[in-house]
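Since the structure comes first, as structure tokens, the remarks are kept for the end.
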Amino acid sequence: MKILLDTNILVHAYNKSSSYQDKAGNLIREALRGEIEAYVAPQVLYEFFAIVTNSKKVEYPMKVDEAADLCAALWECREIEKANPTLLAPKEVFKFAKELKLSRGEIFDCVLAVTAKENKIDVIYTENVEDFNKNYHFIKTLNPLTKRSH
């Protein structure tokens, strides 16, 4: 099963103050051992970097160099597959934006959903199950931290 990891899963895995660090960290370790077929999108790593280096978002922010090295390592590791949007993704994303009246940060879930669809991903592991379920019926979502799914 192809699993796309959402930003919040990575944030919990690497955030020392997260009550979900153990569960999320175990998912990352499973991916690195090849026990699950995990994927990451560039967007997820950019969002992860922005969050974990921001003291307004996490209690113990990472240093920029540490976060950049971690993101690069996650991107370069062979055990976690890469899910890149195609050149047609923006067209589909903005079609959804008009149809669904998306605004502000809602566009980022749309980009991730379209990227998952284009890469034939089976499920997105995310805390934001409801955000995806509301608009993107073509992709299954699961919160592996609480096991809530769609």
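Quick note: the coordinates plus some simple rules give every number you see, no bench work behind them. Worth saying up front: this structure is predicted, and the values here are computed from it rather than measured. Cβ placement follows ideal geometry from the backbone for every residue including glycine, while neighbour counts extend to all protein chains displayed.
When each of Lys120, Lys140, Lys101 is tested for being under 17 Å from the mean Cα position of the chain (by Cα) and at positive phi, the lone residue that passes is Lys120.
A count restricted to region 61-102 and to residues that are outside any helix (DSSP H, G or I), among the aliphatic types (A, V, I, L, M) and surrounded by 12 or more Cβ atoms within 10 Å (Cβ to Cβ) stands at 4. Out of all the residues in region 28-60, which are in contact with a strand residue (DSSP E or B) (Cβ under 7 Å, 6 or more places away or on another chain) and outside any loop (DSSP other than H, G, I, E, B)? Answer for region 28-60, where residues must be in contact with a strand residue (DSSP E or B) (Cβ under 7 Å, 6 or more places away or on another chain) and outside any loop (DSSP other than H, G, I, E, B): Ala31, Glu37, Ala38, Tyr39, Val40, Val44. Filtering region 1-55 to residues that are within 14 Å of Cys71 (Cβ to Cβ), touching a helix residue (DSSP H, G or I) at 6+ places or on another chain (Cβ under 8 Å) and of a type in the set (Gly, Ala, Ser) leaves Ala13, Ala41.
Taking the listed residues Ala97, Ala73, the one that is without any contact (Cβ under 8 Å) to a residue 40 or more places away in the chain, small (Gly, Ala, Ser) and within 25 Å of Ile36 (Cβ to Cβ) is Ala73, with no other qualifying.
When Gly105 is tested against (1) free of Cβ contacts under 8 Å to residues at least 12 places away in the same chain; (2) surrounded by 14 or more Cβ atoms within 10 Å (Cβ to Cβ); (3) not β-branched (Val, Ile, Thr), just one condition goes unmet, and that condition is (2).
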